[in-house]
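Every number in this text was worked out from the coordinates using simple rules, so none of it is lab data. Keep in mind that what you see is a predicted model, and the values were worked out from it rather than measured. Glycine gets a Cβ as well: all are built from the backbone with ideal geometry, and neighbour counts include every protein chain shown.
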């Protein structure tokens, strides 16, 4: 079974600064997908960024980028130019590509990101 | 708004009650999921339906009973719940899960069992 670990329960960053959220995972599979989801107080889980394990290039979406280290099983999220609207819970998630069924997501416990004005 | 709607948003029920949670998606997706989100625990996958057939049941107690009458609707029937079942229940859907496309989530139902 796969596991996802987020070792930072809470992070705080000044507005306009850069912050990095950590995520490590454990799997015996070689082909899978990794995601970062954001959950604001409204409780709606929103996809931030997605990475396919077979792609070496790190995914980027505007101010959000990842550092995907497959050998180390590490998948960190960098948020540049932090904005007040970035305040939320951030979840790292894993999905198998070869599960042979409609696999759901395996989530970490989340990191609560606070943006200081 | 992600196209996945859950009702009700809040639910308080006694341990002897029977209630149902509803999820509806208008995205044309072919897979739907129930997750449980408890305080201080990772989101837990409960049930997966693909093409209206249940494909995964992660050792969920029988007091939770899912139903997927068509590809747009998903229900979670609840009966004789325990206080530890109080949590946020999230529904999600995705298109072609084999390709790892993103899941779209509803806003959840906050369930309190008293």
Give just the number: which of (1) surrounded by fewer than 20 Cβ atoms within 10 Å (Cβ to Cβ); (2) within 13 Å of chain A (Cβ to nearest Cβ) does residue B:104 not satisfy? (1)
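Residues are listed down the side, and each one gets a yes or a no for (1) over 28 Å from residue A:32 (Cβ atoms); (2) buried (at least 17 other Cβ atoms within 10 Å of the Cβ); (3) within 12 Å of the chain's Cα centre (by Cα):
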residue: B:52; (1), (2), (3): no, no, no
residue: B:64; (1), (2), (3): no, yes, yes
residue: B:71; (1), (2), (3): no, yes, no
residue: B:81; (1), (2), (3): yes, yes, no
residue: B:89; (1), (2), (3): no, yes, yes
Can you tell me which condition residue A:42 does not meet? The list is (1) at the interface with chain B (Cβ under 10 Å from one of its Cβ atoms); (2) under 19 Å from residue A:17 (Cα atoms), and all the others hold. (2)
Evaluate the following for residue B:22: is it within 11 Å of another protein chain (Cβ to nearest Cβ) and free of Cβ contacts under 8 Å to residues at least 60 places away in the same chain? no
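Tell me, which residue of segment A:50-63 that is farther than 16 Å from residue B:94 by Cβ and in contact with a strand residue (DSSP E or B) (Cβ under 7 Å, 6 or more places away or on another chain) is farthest from the other protein chains (Cβ to nearest Cβ)?
Taking segment A:50-63 and keeping what is farther than 16 Å from residue B:94 by Cβ, we get A:51, A:53-63.
Those left that are additionally in contact with a strand residue (DSSP E or B) (Cβ under 7 Å, 6 or more places away or on another chain): A:51, A:53, A:58-59, A:61, A:63.
On the way: A:51: 10, A:53: 9, A:58: 17, A:59: 12, A:61: 12, A:63: 19 Å.
Looking at the filtered set, the residue picked out is A:63.
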